[in-house]
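Some notes on the structure that comes next.
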Amino acid sequence: MMDNRTDLRNLDQKGLIRFVESLGQPAFRGKQMMPWIYRPGVSRIEEMTDLAKAFREVLGQHAYISRFTDPIIDQSTDGTVKFGFRLHDGHIIESVLIPEPDRNTLCISSQVGCAMHCSFCLTGTMGIVRNLTAAEIVNQVCAARDHLLAQPAETLIGPRAVTNLVYMGMGEPLNNLENVLTSLSILTEQKGLDLTGRRITVSTCGIVPKMHELGRRSTANLAISLHAVDDETRNRLMPVNKVYPLDELFEACRTYPMPKRRRIMFEYLMLDGVNDSAAEARELARRLRKIPCKINLLPYNNCPDLPFHSSPMERILAFQKILMDAHYSVFIRSSRGADILAACGQLAAHGNV
């Protein structure tokens, strides 16, 4: 049943202040509330014990704190954890926790489904259902944090906290920009979840008009899902390229507002016989000139019913060498969670469950 009260996790610090003022309360009440809303174990307004009892009663009539409960959890043999979260309308979204000894990276979703229809991506076969609210984005982080806190210390691969975030799950983040920006404000707020923008990356397939707005209004890193170096190939792989072709995308990257010493991450799927030739590596090196960047080469994770296969490792290494010889920083991402369909491009929760 839908709760018509205001979900406090949909509001960043400024939004909380406006909300309490609408209830006839002073602004400082909004600042008092933020730490409580994101404190582990707190799920009810009456638990905010440094707020006056009378105010808590009023607040309870107009607001609540949402949270995800009873997630569907799959764990990979490599330690990767995939969460399935049921939303209030019955739809399911997925998030992936990737633990390493020095960090825990959480890959989060921004939409139910995706409208981009990239031909190599299982999520794209769902189509778009709806945008996630800011609370539904932030609650993925809170749920993963709570999961880590509940685990015995000796079973953990990484620290007992989510340290890094990537908006690379289900959906195109820039097609839900306002809610993504609100979630970023909450996530980086010291009294909220207190993450640094340097440890958060927002990935886009190239919604050019919204890229600069992201850069102006957040401190998150930018990643571009590129996957081809010519318009003909990218049109086949990513229909968005027909609207925002490569010349426009690269120009937007050259002028993207970034803090000093930051770089754009270009993600490049290695698809056997599609985009992995030496000539394409040289063309990628040429096209990325004058863009502060690094390159992530992604061996393709096979998806059911999709007609693509990963390039052999020797070809990936040759592709990497050409780019490194052109003085780019180039990484080969190791696949995690493929055995539970938790790897890049494999997230797809079909229908209502």
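The values are calculated or read from the model by the stated rules, or taken from the named source; none is laboratory data. If you're wondering where the values come from, they're calculated on a predicted model, not measured in any experiment. Glycine also receives a Cβ, built like all others from the backbone with ideal geometry; neighbour counts cover every protein chain displayed.
How many of the residues in the stretch 98-122 are more than 26 Å from Leu148 (Cα to Cα) and touching a His at 6+ places or on another chain (Cβ under 9 Å)? Please lay out each step first, then the result.
So the first thing to find is which residues in the stretch 98-122 are more than 26 Å from Leu148 (Cα to Cα), and the list is 113-122.
Filter once more, so that each one left must be touching a His at 6+ places or on another chain (Cβ under 9 Å): 113, 118, 120.
Residues meeting the conditions: 3.
Which count do you get for residues in the stretch 109-125 that are part of a loop (DSSP other than H, G, I, E, B) and over 21 Å from Leu181 (Cβ atoms)?
Restricting attention to the stretch 109-125, the residues satisfying the condition of being part of a loop (DSSP other than H, G, I, E, B) are 109-110, 114-122.
In the following step, the residues that additionally are over 21 Å from Leu181 (Cβ atoms) were identified as 117-122.
The total comes to 6.
So in the stretch 283-301, with the set limited to residues that are surrounded by fewer than 16 Cβ atoms within 10 Å (Cβ to Cβ) and either under 23 Å from the mean Cα position of the chain (by Cα) or modelled with pLDDT under 90 (or both), which one is nearest to Tyr268 (Cα to Cα)?
So the residue we want is Lys294.
Looking only at the stretch 53-66, count how many residues are exposed (fewer than 13 other Cβ atoms within 10 Å of the Cβ) and more than 17 Å from Asp7 (Cβ to Cβ). Break it down into steps so the answer makes sense when it comes.
Here is the first cut: in the stretch 53-66, the residues exposed (fewer than 13 other Cβ atoms within 10 Å of the Cβ) are 53-54, 57, 61.
Okay, now just the ones that are also more than 17 Å from Asp7 (Cβ to Cβ), so 53-54, 57.
The number of residues fulfilling the criteria is 3.
Within the set of pairs 6 or more residues apart or between chains, which connect a residue that is surrounded by fewer than 17 Cβ atoms within 10 Å (Cβ to Cβ) inside the stretch 259-280 to a residue that is assigned to a loop (DSSP other than H, G, I, E, B) with Cβ atoms less than 6 Å apart?
Pairs that qualify, where the first residue is surrounded by fewer than 17 Cβ atoms within 10 Å (Cβ to Cβ) and the partner is assigned to a loop (DSSP other than H, G, I, E, B), are Arg263/Pro292; Asp272/His309; Asp272/Ser311.
Scan the helices (runs of 4 or more DSSP H) fully inside the stretch 222-303 and keep the ones with 2 or more residues being closer than 16 Å to Phe120 by Cβ.
Details: elements: 231-237, 246-254, 278-287.
Where helices (runs of 4 or more DSSP H) fall fully within the stretch 222-303 and carry at least 2 residues being closer than 16 Å to Phe120 by Cβ, they are 231-237.
Within the stretch 91-110, how many residues are in contact with a strand residue (DSSP E or B) (Cβ under 7 Å, 6 or more places away or on another chain), charged (D, E, K, R) and under 10 Å from Thr163 (Cα atoms)?
Matching residues across the stretch 91-110 total 1.
Looking at the stretch 25-32, can you tell me whether even one residue there is modelled with pLDDT of 95 or more, part of a helix (DSSP H, G or I), outside the structural domain of Glu136 (by TED's automatic domain parsing) and of a type in the set (Gly, Ala, Ser)?
No, the conditions are met nowhere in the stretch 25-32.
Where residues in the stretch 143-190 are polar (S, T, N, Q) and assigned to a helix (DSSP H, G or I), which of them is farthest from Ile93 (Cα to Cα)? Spell out the reasoning first.
As a first pass, look at the stretch 143-190 and keep what is polar (S, T, N, Q): 151, 155, 163-164, 175-176, 179, 182-183, 185, 188, 190.
Remaining after also requiring assigned to a helix (DSSP H, G or I): 155, 175-176, 179, 182-183, 185, 188.
On the way: Thr155: 26, Asn175: 16, Asn176: 15, Asn179: 16, Thr182: 19, Ser183: 16, Ser185: 22, Thr188: 23 Å.
Here the answer is Thr155.
Here are some residues: Arg199, Arg234. Which one is of a type in the set (Lys, Arg) and over 22 Å from Asn139 (Cβ atoms)?
Among Arg199, Arg234, only Arg234 is of a type in the set (Lys, Arg) and over 22 Å from Asn139 (Cβ atoms).
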